[in-house]
Each structure stands twice: as C-alpha cells, then as structure tokens.
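Q: One structure follows; several queries about it will come next.
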Amino acid sequence: MIEQAEQTVTAIIVAAGNGRRMGGIAKPFLPLCGRPVLMYALEAFAQCPLITEIVLVTRPNEMAEAERIAEGCEKMVGTVAGGSTRQLSVRAGMALASGTYLAIHDGARPLVTPACIERAVRAAFDCGASAAAVKVKDTVKVTDDWGYVMQTPERARLWAVQTPQVFRTSLLARAFDAAETAGADYTDDCQLVEAIGGKVRLVEGDYANLKITTPEDMDAATALLRKRKANA
C-alpha cells in the first residue's frame, strides 16, 4: 500500500453523454426532485473525506451549466470538454487531475453515497484498482445469434458493475496508452486495466446506485430519493 501522505484522490465525474434515449437532453442535467441529477453525485463526492479534488467532464455546450451547478464546491478544480466516446472523455478529465488515484463516476448516477465512494477508494488504496458492484439477482442466460440459450452462468459469480471505479493514476495512464496504441475503445473503465493484465477488485456497491438511462429510471430514482429523504 502507498504511504498515506501520497494518497490523494481526484474524482472525475463524467457528464458528457449525448442523451439520445432522453430526447437529446443530457441525463446529468435533468431535474430530479427539483435539482439537477449531476448535483447529487457532485455533493456525494464533495462529502467523502477521501476525495481530494473534483473534475467535471461535460459536452462543450454544457460546460457553463456544469460550472453553475458546481458553484461553491470547494473541491472543484475545473470543468473540461469531453470527447466523442466515454474513453476519450475520461482521458480529457485526467488532464486536470493531480491525484495519485482517480475515482471515475457516471454523472448520471445521482444516488451514490459517500460510504460507497469510500469503500471503493479504500479498496484501490490496497490493490490499485477497484469498482463498486452489486450481485446479480436474476438468472442470466448466454444466447447465440438466434436467441437460443447456450449457457447459464453461475449466478453467485455474476456482478453488475457500477461506478465509482477507482484506479492508481499511473496504472490507468498506462492502460490508456496501451488502448490508444491498439486502437481499442472501451465503454467500461475497468476494461482498460483488464486489457493490460491488471486485476480489479469488486467491492459492495448499492442497488439504489442506479444509472439514469431511460425515463423509467428517472421514476425509480425519484422514488428512491424521496424514500431516502423520509428516512433521514
């Protein structure tokens, strides 16, 4: 494990998607219980004591709006324009990061908690790469191109990976270099590290840590958020 004095963490919150499934509106900027989706994720990272600084990655035309949402957040170090893919957007965020570790998070996951973030970060401190995840509840089938079942994986070994995903900065930078050399593009940050032989430890996430992808997800997030506020 790296000495404590060297452990600094930059959170890179990626909010640069095109919002195709939400009518072209970027999901992190949608209103959720009267506040932008992005604001909830931003506050969770700001409240986590292990996070040193925060970088936001957005589409170029939404940078001003992101900066308005983040106004007053003392851990914010800047907003940067994302690229045409998630991989390029994370790479853009890394340009502003000074932490020895990077915590990558989807801006469209508003219900992440400081406790979940801390679990992932502490695991990365120990092994270099970690990700929040939850056990799959349903039986999963693998099919052929015609929809016929070929395999039923053992459910006990299946996880649904979430964010944050946390990496030692030097490890993720090496993984990015290898992907660019190979011309590979990944939609999951863990895949970058896996592709160079790195091991990623999964830690307990939260079933409420859903990603806003469709209008139905907004309904679910609203209900979960109201329940959370009622129990506070």
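Nothing in this text is a laboratory measurement; each read-out follows from the coordinates by a stated rule. As the structure is a prediction and not an experimental result, all values here were calculated from the model. Neighbour counts run over all protein chains shown; Cβ positions are idealised from the backbone, glycine included.
Q: What FRET efficiency do you get for Gln151 and Thr187 if R0 is 25 Å and r is their Cβ-Cβ distance, rounded to the nearest 0.05? Walk me through the intermediate numbers first.
A: Details: r = 23 Å, r/R0 = 0.91.
The value I calculate is 0.65.
Q: Who wins for biggest fluctuation among Leu171, Leu158, Leu210 in a Gaussian network model of the chain, springs between alpha carbons below 10 Å?
A: Of Leu171, Leu158, Leu210, the Gaussian network model singles out Leu158 as fluctuating most.
Q: Could you order peptides 136-144, 116-124, 220-228, 187-195 by the average number of other Cβ atoms within 10 Å of their residues, highest first? All intermediate terms of the calculation are to be shown ahead of the outcome.
A: Values: 136-144: 10.6, 116-124: 21.9, 220-228: 14.1, 187-195: 19.1.
By packing density, highest mean first, the sequence is 116-124, 187-195, 220-228, 136-144.
Q: Student exercise: in the range 7-231, how many lysine pairs 8 or more apart or on different chains have Cα atoms under 20 Å apart? The partial results should precede the final answer.
A: Working: Lys27/Lys211; Lys135/Lys199; Lys135/Lys211; Lys137/Lys211; Lys211/Lys227; Lys211/Lys229.
Taking the Cα cut-off of 20 Å, the pair count is 6.
Q: Taking only the C-alpha atoms, wrap a convex hull around the chain and report its volume per residue in Å³ as a whole number.
A: On the way: hull volume 34.5 nm³, N = 232.
For the chain, the hull spanned by Cα atoms encloses 149 Å³ per residue.
Q: Picking from Ala103, Ala44, Ala132, which is most flexible by a Gaussian network model of the chain using Cα springs under 10 Å?
A: Among Ala103, Ala44, Ala132, the largest GNM mean-square fluctuation belongs to Ala44.
Q: At a Förster distance of 22 Å, what's the computed FRET efficiency of Asp217 paired with Val134, Cβ-Cβ distance as r, to 0.05?
A: Numbers: r = 15 Å, r/R0 = 0.70.
Calculated transfer efficiency: 0.90.
Q: Taking the DSSP beta bridges in the chain as the whole, what percent of them are antiparallel, to the nearest 5?
A: Working: 14 of 35 bridges.
Here the share of antiparallel DSSP bridges comes out near 40 percent.
Q: Would you kindly derive the ³J(HN,Hα) couplings of the range 130-136 from the backbone phi angles with the Karplus curve 6.51 cos²θ - 1.76 cosθ + 1.60 (θ = phi - 60°), listing them in order in whole Hz, with x for Gly and Pro?
A: After applying 6.51 cos²θ - 1.76 cosθ + 1.60, I find 8, 8, 6, 7, 10, 5, 6 Hz.
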